[in-house]
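The values are calculated or read from the model by the stated rules, or taken from the named source; none is laboratory data. Quantities reported herein were computed from a predicted structural model and do not represent experimental measurements. Note that each Cβ is placed from the backbone with ideal geometry, even for glycine, and that neighbours are counted across all protein chains shown. Side chains are part of the model used for accessible areas, which takes the heavy atoms of the whole protein and leaves out ligands, DNA and RNA. Shrake-Rupley method; radii C 1.70, N 1.55, O 1.52, S 1.80 Å.
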Amino acid sequence: MSIAYQGIAGAWSHLACSAVHPQREAIPCATFEDVFEIVEAGRADLAMIPIENNLGGRVADIHQLLPHQALHIVAEYFQPIRHDLLAVPGANEDQLRAVYSHPQALAQCRRFLRKLGVEPRAASDTAAAAERVAQRGDPTVGAIASRLAGELYQLASLRSDIQDGHHNTTRFIVLAREKNSGPAEADTDYITALWFQLRSVPAALYKALGAFATNKVNLTKLESYIGTENFDRARFYVEVEGHESDAPVLSALEEIEYYTGIVRVLGSFAQHEFRNRGKTP
């Protein structure tokens, strides 16, 4: 009963593991590749992976890694992110000359850091940034991390809620070796995730996306990236509303095979309740 994440104790991925699966042992890993590897090898049951943030954008490398691993997306989770500015006890903001954190966290606090007038420095994750600052004991460097990280590494919080928007939220996906079993439940809204590589022919993307339109399947996410060494074919990560066993989704998947060289369904999973916030009943 375990779940793997990238980072060390106190990282936001660690907090997401505790929120979604508090009964499972949370296993820290140095890299995202390590997370995928230990789940594929059976040394952990699940993986908790951040995929995007509504301030910082998509998490680098994830969409490049997903097509090359054998895991399935089985759930999603939206984690509110409230960053603290941390430093060694006795330090103050005026002393700070540099602040460490994960590039995503730095992006989420870009305006704050610019106003503070400090140099942003990248770290492997937010908790690792806090640990580094604690180990150095230098009052001129700080870290952006969770309040929990500050407590774990005995740092003082100089300021709370420093992210550039109060709505700051990171979306995580949970992956497992086996896909969700059984048919779709009638009272549950689903998301189906897939990726495909287009054939190098005119209007291939237009026709591939048309398969969803003609079957009245709503796209909720579409991202492109180059996946070949010659830059001649694009890959797309797509999420749609519906379960892969639903007739409209099945028909759309059959149609896009005519225009793609590779297509893989990464999983169908229940929509997190966060998606319904703010919607008109």
Of the DSSP beta bridges with both residues in the chain, give the percent that are antiparallel, rounding to the nearest 5. 75
Could you compute how much accessible surface E151 exposes when probed at 1.4 Å, giving the result in Å² to the nearest 10? 120
Mean Cβ-within-10 Å packing, highest first, puts peptides 132-139, 270-277 in the order 132-139, 270-277
Lysine pairs in the chain with Cα atoms under 23 Å, if 8 or more residues apart or on separate chains: 5
Given the options L116, L266, L46, which has the most mean-square fluctuation in a GNM of the chain, springs set between C-alpha atoms less than 10 angstrom apart? L116
Pick from E25, E241, E254: which residue has the top mean-square fluctuation in a GNM of the chain where Cα pairs under 10 Å get a spring? E254
So, taking all protein chains as they sit and a 1.4 Å probe, how much accessible area belongs to T140, in Å² rounded to tens? 50
If you average the alpha carbon positions of the range 67-99 and of the range 1-47, how far apart do those two centres end up, in angstrom? 16
How high is the FRET efficiency between R147 and E93 when r is their beta carbon distance and R₀ equals 25 Å, given to the nearest 0.05? 0.90
By accessible area with a 1.4 Å probe, ligands and nucleic acids excluded, highest first: order of K216, K179: K216, K179
Considering only protein heavy atoms and a probe of 1.4 Å, how much of the accessible area of the chain is carbon and sulfur, as a whole percent? 50
